[in-house]
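**Student:** Quick one: this structure, given as structure tokens, is what I'll be asking you about.
The values are calculated or read from the model by the stated rules, or taken from the named source; none is laboratory data. This is a predicted model, so every value here is computed, not measured. Reconstructed Cβ throughout: ideal geometry from the backbone, glycine too, with neighbour counts over all protein chains shown. Surface accessibility is based on the protein's heavy atoms, side chains included, excluding ligands, DNA and RNA. Shrake-Rupley method; radii C 1.70, N 1.55, O 1.52, S 1.80 Å.
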Amino acid sequence: MSQIAIVYDESKQRKFCLLEAQGSLETDSASGLQGQRDFATIERLDGDKVHMKIGVHRVQGSVVKLKKPFAVLKKRSDECTTTSDVCYDIEAIIKEKIIFKMRPDVVL
Amino acid sequence: MAAAAGGDGKLWVDKYRARSYVDLLSDERTSRAVMQWLKEWDYCVFGRERGTSKAKGTAGQDRWRRPTQRVLLLAGPAGLGKTTLAHVAARQAGYEVVEINASDDRTSSRVRERIAGVTRTRAVGKRPQLLVLDEIDGAAAGQGDFVGALARAAAADGRRGAQLRPIICICNNAYAPVLRPLRHTALALHVGAPTAARVAQRLADLCAAEGVSADAWTLLELAQQNAGDVRASVNALQLATHGIRSLSAIGAAGAKDAQRSLRAAWNMIFLRTTDDRAQAQAVVNAAQTSGDSERLMQGCFENYLRSGFRDLTHTRLARLCGDWLVFHDQIDAATRRNPATVAALANYQAFAIVAVHRTCSTPFGLSRDAFEYPQADSALVQGRQAATVALQALIGGAKCVRTRAGLTVSSAAVELADYMTRILAPRLTTANRHLLKEPESTRLQRLVEVMSAWGLTFVQNRDADGRPAYCLDPPVDRLVAFRDRRLTNAPAPIRYSVRQLIAQELSRVHATSTEEAEATAAEHSKQEYLRQLRAGPQLASVLPAPAVMTDFFGRPRAAVSNDGKANTSQQPSHMWFSFVEGFSNAVRKPTAMRELL
């Protein structure tokens, strides 16, 4: 019987964020969305309100607590490859998500 | 028609068409107005100043100094010589006429092409062309927005699309709904019927040229019967004189022939001879062969008071109306309901006419100049048609869509027209706008609001006596204009000066409202632009580059956002967020974290 070990290490935790948007990101660059970085800035206002700026668009969103938290797992590949025991590291636990369901405004 | 033409195979109408300006039969004032309008184009087309300094101010002040109204609309009943007037005046002014008989080429795109070709080109070594669009109301009925396109072309001011040659449109009914877009941009001239005496004079000239002898009285009667329709008069004359030479033409001259026999029948009806029985028999025969018992009866009805018969107690007349005319009408109604019964019942109608003969005839008969051809029927039909068209124009001009939808011609006639004329007749004591005091100035303002909401205007025109007048357009007030004012307790007609004031006020309001409309259109286009911007920032490059802020010494200053950090998003981003409206129909699918990290 194989055993799956899930390791939780407080010090290694990274911060992840789940974004949910009603709409999609689009680009006119030739390579598509691949390799695009730093295209949006998210600004947390007081309360649960969040602003996300993409290009000239600013979308209003809000922070919502997830009913079931997500865990982001990473397979530990260096030592467990040969054995039947699989070992996962918890990279992060996501407890809330940001929902953008408003129509974007134009910021000039 | 060709078979009935004269010896040289040409219709006299074409053979003797007016060739020069002095030959024109139409109203002198109308011809002169056409000529004046054409002369206003002189600078644009021929590059020369107008000969006379008179009315110089009417020419437009635009780049080509064209007249403000670039299309001339000649309206009037058929056969008055509108087309002839347009051709003769155009030739006189030095143009070559290009006629598009719009009922022939029906497709609007082809007509539009030809308009563009004629009005925007300059032929070398030829006379400049002038476009005549004949029967434009008939042409416009079938096809999309031909008249609208014409109006837009006339209004175009751009360097490429401008109309640089005069256009003359000819129509029978200036108030046809299809002509509505044109009526406000075009100079509309109503061609009136020439007097019967003038037409008769022309017919006499024609007879002299053709070597036909005809007495002046017959020619005058011919002209009168055709009510100033020159073409019909000339055609009738040609057919009648042709009939003298060949027997086969008698049938072709049917219209005139029938009128002759009707006349003879009327003469017989009103004439009492010593042999009463024989005369009654003759009346029956005439009535039965005339074939148009209704018209015969109408002629009797319109003329019996002129016959001078004696009926002091009115008993005979009352019996005639109560018995025989009712009988005649009953048969008439029955034959209208069921046309198959015409043959069976028409013979009985003749006896009603005999009854008229027995009551109204005198030994002297009806004198020639006392008799009038019955016109009440056709006048009624024409009046009804004109009223319907005016009401349609009124309903179609209403700005409010709901008003338009809720009105029919009959409901507008019964419920709206009378009150409308009352509303449009405000009590104003002075025609000077600055002297208007409080209740009157509000009244004027209210009136102008009402009129602009219904698309009504006062247009400067001339009344029947040739005096200048402001007429309501569309002419709704004619619907409720009765000859006897005491019958209607209608308000007194508005004075000329007051109408002028209202018209000025209206044009002022119209100008400001168009300005407002332009402003809202500009606002709208701005909104549209922003909307497009929202859809995609590729338009951002169209935007002017953000002005570089400078400090007091003129050095460029880094833009600082609210949180105090330098704003780094100066260059346009290539990403945008495309919002999906409505509910999400997203499908959940497994995604490996490796793709995300």
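**Student:** What is the local net charge at A:VAL107, summed over the other residues whose Cβ is closer than 9 Å to its Cβ (Lys, Arg +1; Asp, Glu -1)?
**Tutor:** Numbers: positive: A:LYS53, A:ARG58; negative: A:ASP105.
Local net charge: +1.
**Student:** Against the 2.2 N^0.38 Å scaling, with N counting residues, where does segment A:1-73 land? I'd like the Cα-based Rg ratio to two decimal places.
**Tutor:** 1.52
**Student:** So for the pair B:ARG310, B:LYS10, with labels modelled 7 Å out along Cα→Cβ, what separation do we get in nm?
**Tutor:** 6.0 nm
**Student:** May I pose another question? Using a ≥ b ≥ c from the Cα gyration tensor of segment B:332-428 (square roots of the eigenvalues), is it rounded, prolate or oblate, where a/c under 1.5 gives rounded and otherwise the larger of a/b and b/c decides, a/b for prolate?
**Tutor:** Details: a/c = 4.12, a/b = 1.96, b/c = 2.10.
Here segment B:332-428 falls in the oblate category.
**Student:** Could you sort the residues of segment A:21-36 by number and keep only those whose accessible area is reduced by 40 Å² or more in the all-protein-chain setting relative to the chain alone, 1.4 Å probe?
**Tutor:** Those residues are A:GLN22, A:SER24, A:GLU26, A:ASP28.
**Student:** Ignoring any ligand, DNA or RNA, what whole percent of the accessible area of chain A comes from carbon and sulfur when the probe is 1.4 angstrom?
**Tutor:** Here it works out to 51 percent.
**Student:** At 7 Å along the Cα-to-beta-carbon direction for both B:GLU528 and A:ASP28, put a label point, then send me their distance in nm to one decimal.
**Tutor:** Taking the simple label geometry, B:GLU528 and A:ASP28 are separated by 2.0 nm.
**Student:** Still on this model: With the cut-off at 21 Å, tell me which of the pairs A:LYS49/A:LYS101; A:LYS49/A:LYS97; A:LYS49/B:LYS589 have Cα atoms farther apart than that.
**Tutor:** Numbers: A:LYS49/A:LYS101 12 Å; A:LYS49/A:LYS97 12 Å; A:LYS49/B:LYS589 28 Å.
Beyond 21 Å: A:LYS49/B:LYS589.
**Student:** Turning to a different aspect of this structure: Show me you know the interface measure: the accessible area buried between A and B, both chains summed, probe 1.4 Å, in Å² to the nearest 100.
**Tutor:** On the way: alone 8990 and 36130 Å², together 43010 Å².
Using a 1.4 Å probe, the pair buries roughly 2100 Å².
**Student:** Please report, for the Cα atoms of segment B:260-374, the Rg to one decimal and the Dmax as a whole number; what are they, in angstrom?
**Tutor:** Rg then Dmax for segment B:260-374, in Å: 13.6, 42.
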